[in-house]
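Have a look at the structure below, then the notes.
The values are calculated or read from the model by the stated rules, or taken from the named source; none is laboratory data. Just so we're clear, the structure is a prediction, and the values are computed from it rather than from any experiment. Reconstructed Cβ throughout: ideal geometry from the backbone, glycine too, with neighbour counts over all protein chains shown. Only protein heavy atoms, including side chains, enter the accessible area calculation; ligands, DNA and RNA are left aside. Shrake-Rupley method; radii C 1.70, N 1.55, O 1.52, S 1.80 Å.
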Amino acid sequence: MKKDIQLIALDMDGTLLRNDHSVSEENRLAIKTAQDQGKAVMVSTGRPLLYAEEIVDSLKLSTYLITVNGGEIWHPDRTLIERTIMDSSQVEFMLEMALKYDTHYWSSTVEGVFNKNTTFPKNIHDYQWLKFGFDIKDDKVRKMIWNELSKRGELEVTNSSLTNIEVNAAGINKAAAIRKVCERLDIQMDQVMAVGDSLNDLAMIRESGIGVAMGNAQDKVKQSADWVTHSNEDHGVAEAIRRFVL
């Protein structure tokens, strides 16, 4: 498969990062080589900026940054380009479900990151909500909550692991954000290689010129990808960059 790849979009957890949340030297070298050859390398993550910035800076990435599954797009100088907020009434509904079924839950807001074990905001409507998440070990409960959320039609429902659910405003996903970055770079989605492992990577893997699933990816992601690389522990990002870009 020969494509004129100009932009490499990388998920972080389970993809760019090893299980100890570090970046291997092999991945670092492949990213540096791609950038030296004039390719743009971008992180597209479910993490908020606060938990992505240090790794992005350590890689000396000089292009845009997508956070909270596409809820925010950041300029290379780290000024905010675009942000999409969820309706607080939707967050109210999700919190009620989390409490009803006694699941772990967390959320990213403009004002900070909260979870079940911290002081979760009491007045939900005073905050700007970017993403809400559940972690549910019980398959039956997880499926039921997933179906309830999907039926609402105003939410984008994905995951970043087999036991969690991640929720953004409808239409907010990594692919939609990458399209906006492509417009700014004056390139096409066909010139993007996207690499990921979970359902929150599915849209960008399907819509990019080359969609790569990690060896440790969820089955649905592997089935939708153009190619499956090595696992995140075995420098799968470097392998994909060497195969399709360098």
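State the percentage of accessible surface on the chain attributable to carbon and sulfur atoms; use a 1.4 Å probe and exclude ligands, DNA and RNA. Of the solvent-accessible surface of the chain, carbon and sulfur hold 46 percent. Among the listed pairs 39/137; 100/180; 39/143; 60/122; 60/116; 2/222, those whose Cα-Cα separation exceeds 29 Å are 39/137; 100/180; 39/143; 60/122; 60/116.
Average accessible surface for the stretch 119-204: 45 Å² per residue, computed with a 1.4 Å probe over protein heavy atoms with every protein chain in place.
In the list (1) 18.1; (2) 20.1; (3) 19.3, the label attached to Kirkwood radius over Cα pairs in Å as derived from the coordinates here is (1).
Springs between alpha-carbon pairs under 10 angstrom, Gaussian network model over the chain: which of 166, 111, 72 fluctuates most? Answer for the Gaussian network model of the chain: 111. Shown here for the stretch 23-127: trypsin sites (Lys or Arg not before Pro) in loop regions (DSSP other than H, G, I, E, B) with at most 10 other Cβ atoms within 10 Å, namely 122.
Sketch the reach of a paramagnetic label on residue 180 as a point 7 Å from Cα along Cα-to-Cβ, and name the residues of the stretch 27-63 whose backbone nitrogen lies under 17 Å away. Residues 42-50, 63 fall inside that zone. Pull out a ≥ b ≥ c, the square roots of the eigenvalues of the alpha-carbon gyration tensor of the stretch 97-199, then state rounded if a/c is under 1.5, prolate if not and a/b is larger than b/c, and oblate in the remaining case. It is prolate, given that a/c is not under 1.5 and a/b is the larger ratio.
The calculated FRET efficiency for the pair residue 3 and residue 80, based on their C-beta separation and a Förster distance of 30 Å, comes to about 0.45.
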